[in-house]
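Sharing a structure, written as structure tokens. Questions coming.
Every number in this text was worked out from the coordinates using simple rules, so none of it is lab data. Keep in mind that this is a model prediction, so the values were computed, not measured. FYI the Cβ positions are ideal-geometry reconstructions off the backbone, even for glycines, and counts take in every protein chain you see.
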Protein chains: 2
Amino acid sequence: MSDIDLLDLPLVLLSNRGPVSFDRDASGRTVNRGAGGLVSALSGLAEHLDDAVWVCGAATPEDAAVAGENDGGAILVQTQPTPHVVEGQPDGPSIRVRLVVTDPDAYADFYSVWSNPILWFIQHGLYGRSLAPVLTRAEHDAFENGYAAVNRAYADAVADEVRSRGGKALVLLQDYHFYLVAEHVREQCPDVVLTHFVHIPWPGPDEWRVLPGNIRERLLRGLLGSDVVGFHTRRYARNFVLCAGELLGLPINLDDLTVTVNDRVVSARYYPISVDPAALDATLASEDVAAHMAMLRYVFLDEDRQLVLRVDRTDPSKNVVRGFLAFGTLLDQHPELVGRVSFLALLQPSRTDVPEYADYIALIGAVVAEINAKHTKEGRQPIDLRMVEDFALAVAAYSICDVLMVNAIADGMNLVAKEVAVVNRRGGVLALSEMAGSHEELGEFAVTLHPFDVQQMADALYTALTMPMEERHRRLAAAAEQVRTHDVRRWLNDQLADLRHLAGFS
Amino acid sequence: MSDIDLLDLPLVLLSNRGPVSFDRDASGRTVNRGAGGLVSALSGLAEHLDDAVWVCGAATPEDAAVAGENDGGAILVQTQPTPHVVEGQPDGPSIRVRLVVTDPDAYADFYSVWSNPILWFIQHGLYGRSLAPVLTRAEHDAFENGYAAVNRAYADAVADEVRSRGGKALVLLQDYHFYLVAEHVREQCPDVVLTHFVHIPWPGPDEWRVLPGNIRERLLRGLLGSDVVGFHTRRYARNFVLCAGELLGLPINLDDLTVTVNDRVVSARYYPISVDPAALDATLASEDVAAHMAMLRYVFLDEDRQLVLRVDRTDPSKNVVRGFLAFGTLLDQHPELVGRVSFLALLQPSRTDVPEYADYIALIGAVVAEINAKHTKEGRQPIDLRMVEDFALAVAAYSICDVLMVNAIADGMNLVAKEVAVVNRRGGVLALSEMAGSHEELGEFAVTLHPFDVQQMADALYTALTMPMEERHRRLAAAAEQVRTHDVRRWLNDQLADLRHLAGFS
């Protein structure tokens, strides 16, 4: 991990889900380590720093038990995978973790009322505003007793860790669960240097006007407790600065992307998150992936056939229904493709307790049945819809698809596009929504999709499927180069470099 | 009309609905004159200028017949009300009108597919984006063969009138039906001085991304054929400039609200439209209004009771359902008001052929029935819902209401608030959505409503109903003064002053 710049100050991280979670089986306490680029990048950083701590939520009863045994303080956990907890000082790389326990009702209001769906819906533009949301006293109460109370508890834990490190530390806060934390931490520890990174889109002021006036102002003022508010794209950073100007009346500079709050200058910056190419390369080389790849080739790619792929959660923001409508339009308008092009959709059911999400899954099923009923030829269905979460299967499909479809109506970044850029070996074409954050980086190598325009998406799929192989490989190589030189470590290093600069160390 | 500045250049006006429309009864051709502040202000201007012409659509078969008899050219029509058309040169004030006839299918695509609902929905934020809109080849075709074709026909008529006036004229274009006209007119007549006024909200760039890329670019480039793009509020003007920067990549200046297009500088300006106070005063003094007023007092205002009023079309953007939910919440939380406060809603059914609008009316009925079932006391229903359009009844209600509710989720201006400010005689409180354009002018005299926040609206209604009478009268007087000094003639004069300046006459 020598390519991550080490720091001159102690480091305090905060995210809702942490790097580890505890459970219990017949033989005792077990530990599960989080997956994904963010956790591995931040863990890689934290395990090289003696004085780092990661504050996160106690997600299981066993997490709460661990927190209780340590009086809510931080514990040291091995980061190498061993199934069971080793007593005493761990050998090898380890990370200090502080698990925050909050009241279950408050957490439910924080997580299942405000973070999801309200903030998620606002930031992805999912409300049909004529009827939703209807904000009542219940939502106001859930904000005070849930979102604000849980934010206060996490902020107190962060401030406590900062104080125990002499009151001066670099603090990295993650995502839409914690918009109120930065301001609270700064009040208690005025010497912190603080970045809040927002992993989902940030819309313009009008979208935020859907929230009650006092709540949107508190969220913005909370975030402005940071020195840097980080986003994936320039567009989101710009929207944030516009919000500060329009909704709070603060002085802004749109060229520098800064907001002046009393005597402080807060910067909006953009750091596109990315993947870990080495880890992807290793997964691609695994036997598991090879077996899936052979199966997929056999099913989808004999006799000069082609494969369109999508891999998404069944979140309405992912726009699965219009994606299938576009594929149906493609087959309607280019009958020569029927029987020659398949669409494999690996969808992970998500938040099925939210009615809009459950309805959306039903609609996906309906449109797939309709298109398959119309266009099945010689026993081959055009769409293969699989409700599974299987990373090895996904990577196998990434490597052999002809086209990846990402047609989200809003998507903070979309890492699937970057994963495909790294592992595809077939000149796969990225068909990429202009509303996905990754379009700002990869759009020039992709075929752009307009996610509300079914005809345009059908035309773009046709362009991708009929693109000369040489151009496909040229574009893919350029996209892969962009991702490999802008990996998740760079995402982190760029933030740290800015913080070091702000803290006066460079 | 001496308070409208006369011009040094010929004037060409364009709007979809014009100042007159022809029909036929047993005794021959009849003429109907348009009502409302816009038509009367522009008519008042045009009838004082010998060389003015108003281009508009042929709305009836008789309009088309009139246009045909004159080979599509302009005709002179009396502006004083006489039921029948007088042959020959009219006496008294008159106005030159050019009726544009277009293919009915093209007009249907222009009006009933693109202007309403698509542009209306986009600009009022009404789409629930996870499912709507679904833009297909049909919508693309309707844009080309409808919106673009009809815009071209109207632009040709405008350019023809400009050329017949020596190629130099002031051109005033109206509203969202004609976003492509300015560019076409400028191509044909480079010396025009042109304002396009947009009467509905202008949202930020992300909202416009719902449209196909090529279409949103054409709409923006079309508008940028103007010298001035006029809006009701600073917020809309700012959003327009942001769109030019973000969606077209043009250089912008957000402080000056300008966009640079090649060698031209296009200004976004805001001119809040208003009412004609003298006409309202005259209506208020009429016998018809007096009779309605007596009836309303008898029904709603005996024994120290209070009246909340709303007057709206049943457009989902008007937010009628959440308005009633807020009133229901008020009665739930303040039972002492049950039987003491009534809510009179005068709603004009609108666009009932659009499914979303028909569904919305059903929902209004459902929520009213529920609240009335719960809170009827001593035979008095709390909500009196009347689906009528009766201006005299509305003015009578304006004059005696205690609170006017305007809680639109988006509304270009909302003139009802200004009408009430002028004619109310009871210290009526304006309860005004922050999303209505009129809030930028009248917000400081009003009680602000957050239209998605039912609890906040209930609290605001309570504040308004319990406000001391002295403060009510003070606020109302200040609002009335603002409207009387910023009437519809001022709206027009401010635009003309800017055009005169651009044309080098001041």
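In nm, what does the list of distances from A:Lys377 to its counterparts in the other copies look like, shortest first, when each label sits 7 Å along Cα to Cβ?
Ordered by increasing distance: 7.1 nm.
Hey, what's the Kirkwood Rh for the protein assembly as shown if you take every pair of different alpha carbons, in angstrom?
31.5
Scan segment B:422-506 for chymotrypsin sites (Phe, Trp or Tyr not before Pro) in coil per DSSP, keeping those whose Cβ has at most 10 other Cβ atoms within 10 Å, and list them by number.
Taking segment B:422-506 and a limit of 10 other Cβ atoms within 10 Å, no loop chymotrypsin sites (Phe, Trp or Tyr not before Pro) are found.
Let me ask something else. Taking the label point 7 Å from Cα in the Cβ direction, how far apart in nm is A:Pro190 from each other copy of itself, listed shortest first?
Once sorted, the set of distances for A:Pro190 reads 6.3 nm.
So how strong a dipole does segment A:277-485 carry about its Cα centre when Lys and Arg Cβ are +1 and Asp and Glu Cβ are -1, to the nearest 20 debye?
The calculated dipole for segment A:277-485 is roughly 280 debye.
Post the alpha-carbon centroid distance, segment A:357-397 to segment B:60-77, in whole angstrom.
A separation of 57 Å, based on Cα centres.
So if R0 is 30 Å, what FRET efficiency would A:Ala65 and A:Ala35 give, r being the distance between their Cβ atoms, rounded to the nearest 0.05?
Computed FRET efficiency for A:Ala65 and A:Ala35 comes out at 0.80.
B:Val171: net charge of surrounding residues, Cβ under 11 Å, Lys/Arg +1, Asp/Glu -1, itself excluded?
0
Counting only Cα, what are the radius of gyration and maximum Cα-Cα distance Dmax of segment A:159-216, in Å?
Reported Rg and Dmax, both Å: 13.9, 42.
Now for a separate question. Give or take rounding to whole Å, what are the principal axis extents of the alpha carbon atoms in segment A:225-363, in descending order?
67, 37, 34
Given segment B:277-486, what percent of its DSSP beta bridges are antiparallel, to the nearest 5?
DSSP beta bridges in segment B:277-486 are roughly 5 percent antiparallel.
To continue, here is another question. Just to confirm my numbers, what's the Cα centroid distance between segment A:18-57 and segment B:150-175 in Å?
69
Compute, for the protein assembly as shown, the length of the dipole vector about the Cα centre, with Cβ point charges of +1 (Lys, Arg) and -1 (Asp, Glu) only. Units Debye, rounded to 20.
Rounded to the nearest 20 debye, it is 60 debye.
Distance in nm between label sites at A:Ala26 and B:Asn253, each 7 Å beyond Cα in the beta-carbon direction?
Each label point is offset 7 Å from its Cα along the Cβ direction, giving 7.9 nm.
Taking the Cα atoms only, what angle lies between the long axis of helix A:213-223 and the longest principal axis of chain A, rounded to 10 degrees?
80
Amide H neighbours of B:Met435 under 5 Å, counting only residues 5+ apart in sequence or on other chains, H built in-plane at 1.01 Å?
none
To one decimal in nm, how far is B:Glu471 from the same spot in the other copies, if labels go 7 Å from Cα toward Cβ? Please give the shortest first.
6.7
Measuring from centroid to centroid over Cα atoms, what is the spacing of segment B:403-459 and segment B:233-279 in Å?
Centre-to-centre distance over Cα atoms comes out at 24 Å.
Take every residue in peptide B:446-454, count the Cβ atoms of other chains within 10 Å of its Cβ, and give the average of those counts.
Going residue by residue through B:446-454 and averaging, the value is 5.
Taking N as the number of residues in chain B, what is its alpha-carbon radius of gyration divided by 2.2 N^0.38 Å?
Rg over 2.2 N^0.38 Å, computed on Cα atoms: 1.00.
Averaged across B:288-301, how many Cβ atoms of other chains sit within 10 Å of each residue's Cβ atom?
The per-residue average across the peptide is 0.
Further question: Let me know the charge dipole size of chain A about its Cα centre in debye, to the nearest 20, where only the beta-carbon of Lys, Arg (+1) and Asp, Glu (-1) is charged.
I would put it at about 680 debye.
Shape call for segment B:305-394 from the C-alpha gyration tensor, a ≥ b ≥ c root eigenvalues: rounded (a/c under 1.5), prolate (a/b greater than b/c) or oblate?
Prolate, because a/c is 1.5 or more and a/b exceeds b/c.
Let me know the volume per residue of the alpha-carbon convex hull for segment A:203-288, in Å³.
134
Follow-up. With r defined as the distance between the Cβ atoms of B:Leu76 and B:Asp8 and R0 fixed at 30 Å, what FRET efficiency is calculated, to the nearest 0.05?
With a Förster radius of 30 Å, E is 0.85.
So how many Å³ per residue does the convex hull of the Cα atoms of segment A:354-416 work out to?
With only Cα atoms used, segment A:354-416 gives 139 Å³ per residue.
Please give the average number of partner chain Cβ atoms lying within 10 Å of the Cβ of each residue in A:199-205, rounded to a whole number.
Mean number of neighbouring Cβ atoms from other chains: 2.
Between chains B and A there is a rotation axis; tell me the chain B residue with the nearest beta carbon and how many whole Å away it sits.
B:Gly128, 1
Which trypsin sites (Lys or Arg not before Pro) does segment A:341-396 hold that lie in a coil by DSSP with at most 13 other beta carbons within 10 Å?
none
Right, here's the next one. Using a Förster distance of 22 Å, how high is the FRET efficiency between B:Arg386 and B:Glu287, based on the Cβ-Cβ distance and rounded to 0.05?
Efficiency computed from Cβ-Cβ geometry: 0.55.
Rounded to the nearest 500 deg cm²/dmol, what is the calculated helix-only ellipticity per residue at 222 nm for chain A, with -39500 (n - 2.57) per DSSP H run of length n ≥ 4?
Helices in chain A give a 222 nm mean residue ellipticity of -12500 deg cm²/dmol.
Further, regarding this structure: Determine the equivalent ellipsoid of segment A:277-485 by diagonalising the alpha-carbon gyration tensor, then write out the semi-axes as square roots of 5 times the eigenvalues, largest first, rounded to whole Å.
23, 20, 18
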